[in-house]
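Note sheet for the following structure.
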Amino acid sequence: MAPLDKRADRLAQVQAQVDYHRQRLALYQRLHGSGPSARLAELEHAYTSARQRLAGATAVPRPGETRRSRLD
């Protein structure tokens, strides 16, 4: 598989993770409210982490800069 195909597949996978965690967080908040709880903190952390992975996966290196990541 070509590197660009692998990268596109990985981006789709990370985007799906973000969507999944967003849905779980929204469902929990709808059912239980936004009051502080350990479970809410776990869900928020999972969603935030997924968003950070997506941001890192979509970062474009500057011209002349070589960037190796887990997505390559």
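The values are calculated or read from the model by the stated rules, or taken from the named source; none is laboratory data. Since the model is a prediction, treat every value here as computed from it, not as a measurement. Cβ coordinates were reconstructed from backbone atoms using ideal geometry, including for glycine residues, and neighbour counts include every protein chain displayed.
Residues are listed down the side, and each one gets a yes or a no for (1) modelled with pLDDT under 90; (2) part of a loop (DSSP other than H, G, I, E, B); (3) out of contact with any strand residue (DSSP E or B) (no Cβ under 6 Å at 6 or more places or on another chain); (4) not aliphatic (A, V, I, L, M):
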{"residue": "Q13", "(1), (2), (3), (4)": "no, no, yes, yes"}
{"residue": "A16", "(1), (2), (3), (4)": "no, no, yes, no"}
{"residue": "R22", "(1), (2), (3), (4)": "no, no, yes, yes"}
{"residue": "Q29", "(1), (2), (3), (4)": "no, no, yes, yes"}
{"residue": "L40", "(1), (2), (3), (4)": "no, no, yes, no"}
{"residue": "R51", "(1), (2), (3), (4)": "no, no, yes, yes"}
{"residue": "V60", "(1), (2), (3), (4)": "yes, yes, yes, no"}
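May I ask you to list pairs of residues, at least six apart or on different chains, whose Cβ atoms are under 9 Å apart, with the first in region 14-38 being farther than 17 Å from A55 by Cβ and the second being surrounded by 13 or more Cβ atoms within 10 Å (Cβ to Cβ) and of a type in the set (D, E, K, R)?
L25/E44
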